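Beneath this line is the structure, given in structure tokens, with notes to follow.
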Amino acid sequence: MTDTLTLTDNRTGKQYEIPIKDGVIRATDLRQVKSGPDDPGLMTYDPAFMNTAACRSRITYIDGDKGILEYRGYPIEQLAERSTYLETAYLIIFGELPTAAQLESWKEEITLHTMLHENIKKLMEGFQYDAHPMGVFLSTVGAFSTFYPDAKQIFDEQARKKQVHRLIAKVPTIAAYAFRHSIGRPYNQPDNELSFIGNFLNMLFRMTELKYKVSPALERALDVLFILHADHEQNCSTSAMRGIGSSHVDPYSAMAGAAAALYGPLHGGANEAVLRMLKEIGSIDNVPGFIKRVKAGEGRLMGFGHRIYKSYDPRAKIIKRTADEVFEVTGKNPLLDIALELERIALQDEYFVTRKLYPNVDFYSGLIYQAMNFPVTMFPVLFAIPRTAGWIAQWEEMILDSEQKIARPRQVYTGSPRRDYIPVDKRT
Ligand code: SDX
């Protein structure tokens, strides 16, 4: 037995030996399969990349059937239990858990980069009061490229490291200021004495008190949620980060595109869509009718299903546990009962079971965010903050990967055959 695929092209009777490595064949190895001398050779056709590996990566491992998620080899359950978001971000970006000294230096760097340039704050002022915070977020990240032109030095390790510090440190500030702008309240300056999460809560919710009092339970819950959202291999927004970054543009411009992808209701916007769905259902009595409409194809059960996980999303399990801890502090979210009833029915209903539709990371996270007094429009932004670590790590891995070059997929042309121009007075 050999690690090869023997292909017979029945159009010509010719046979080909295609090498198999790491469970894949190289698509370019198929170009030799030609039906005749004028044939450019076979390509693979894979809309939405359902079965195409676009890169080799050492960052995140997912087993969709077993519900496994590991960052740099560490199981998500252990990181959620024992790590913090900042430590996990370090792991994802640099590849190893930091030593005590490395962690202290990392925290120091991040703490000293949380402030925004005054002109960025003025830029954010230009948005309408009811501008969606995710639109403000992705626009402001893109604007960073004009404030930090040194980010264009993408092959300079020190310049890259500086952008890493700026992005990890400043995305919570952008998010908090987008929120404060939307409710017409003044910005709160970062408080360097607080933790990364504590300072985020301070910038969001401090009112007239001199020192914001952080709830340890909510601080820990948000830390866990950020750990769970930090990376997820080649999802839609990370693929956008890699694709845009492959043109060698600066990381801020690439990340603006990644955030735009995450904004979509099928991706990071799903947590907002889940809350809107639960509110629309309104009561447990309406759940059977809603499920019936979904099964009739009249909409989707938002927060359910996943391209990779064909079993329960391991992050949803942890979030469900975290929800109980948050509700002890905030009081139970009345929409939780509707969510639990939806899950109970869906997990036993043949329509969902046959399609392997289980709760994903977005199904319960929104309930926690709402209980923490976040408006639903902030939910995708709360996803984007921690995913910044994954986007940066995946972007850096891509630009340093000698196998990678500018992303430029092919197509199957199905348009009009060649034809001559028709003057306008001859057109019917
Ligand atoms: C995230 O990729 C990642 O890793 C993403 C993410 C990350 O961390 O980056 O995990 C974060 O984006 C989680 C997903 C959040 N999105 C939602 O919750 C939106 C609702 N879910 C879907 O729309 C859907 O499940 C996707 C987009 C998540 C996955 O879609 P796929 O893999 O393209 O599957 P599909 O749309 O082809 O659906 C397959 C079948 C279809 O039925 P049939 O046409 O075969 O009859 O399942 C049905 C779909 O109609 N289906 C659903 C459904 N999801 C799929 N039916 C009802 N409700 C749903 N939620």
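The values are calculated or read from the model by the stated rules, or taken from the named source; none is laboratory data. Keep in mind that this is a model prediction, so the values were computed, not measured. Note that we place each Cβ from the backbone using ideal geometry, even for glycine, and neighbour counts take in every protein chain shown. In case anyone asks, the SASA skips ligands and DNA or RNA and just uses the protein heavy atoms, side chains included. Shrake-Rupley method; radii C 1.70, N 1.55, O 1.52, S 1.80 Å.
Points to keep in mind about this one:
- Whole-Hz couplings from phi, Karplus 6.51/-1.76/1.60, listed for the stretch 163-174; x for Gly and Pro: 5, 4, 4, 4, 5, 4, 6, 9, 5, x, 5, 4
- Most to least packed among 226-237, 396-407 [average Cβ atoms within 10 Å]: 226-237, 396-407
- Apolar share of the accessible surface for the stretch 75-114: 50 percent from carbon plus sulfur atoms, 1.4 Å probe.
- Excluding ligands, DNA and RNA, the accessible surface per residue across the stretch 268-331 is 48 Å² with a 1.4 Å probe.
- Between the helical axis of 251-262 and the longest alpha-carbon principal axis of the chain there is an angle of about 90 degrees.
- Evaluating 6.51 cos²θ - 1.76 cosθ + 1.60 at θ = phi - 60° for every residue in the stretch 264-273, the Karplus couplings come out as x, x, 7, 10, x, x, 5, 5, 5, 5 Hz, glycine and proline recorded as x.
- Phi-based couplings in Hz for the stretch 374-384 (Karplus 6.51, -1.76, 1.60; Gly and Pro marked x): 7, x, 4, 5, 7, 4, x, 5, 5, 7, 5
- Carbon plus sulfur fraction of accessible area for the stretch 173-320, probe 1.4 Å, in percent: 57
- Largest to smallest accessible area among Thr146, Thr88, Thr44 [probe 1.4 Å]: Thr146, Thr44, Thr88
- Packing, as the average of other Cβ atoms within 10 Å across residues, places the peptides 194-206, 31-43 in the order 194-206, 31-43, highest first.
- CD proxy at 222 nm, helix term only [per DSSP H run n ≥ 4: -39500 (n - 2.57); per residue of the chain; nearest 500]: -15500 deg cm²/dmol
- Ordering Tyr252, Tyr61, Tyr263 by accessible surface, largest first, gives Tyr61, Tyr263, Tyr252; the 1.4 Å probe counts only protein heavy atoms, with every chain in place.
- Longest to shortest principal axis, alpha-carbon extents of the chain, angstrom: 79, 67, 57
- Interchain or long-range residues, amide H under 5 Å from Tyr74's placed H: none
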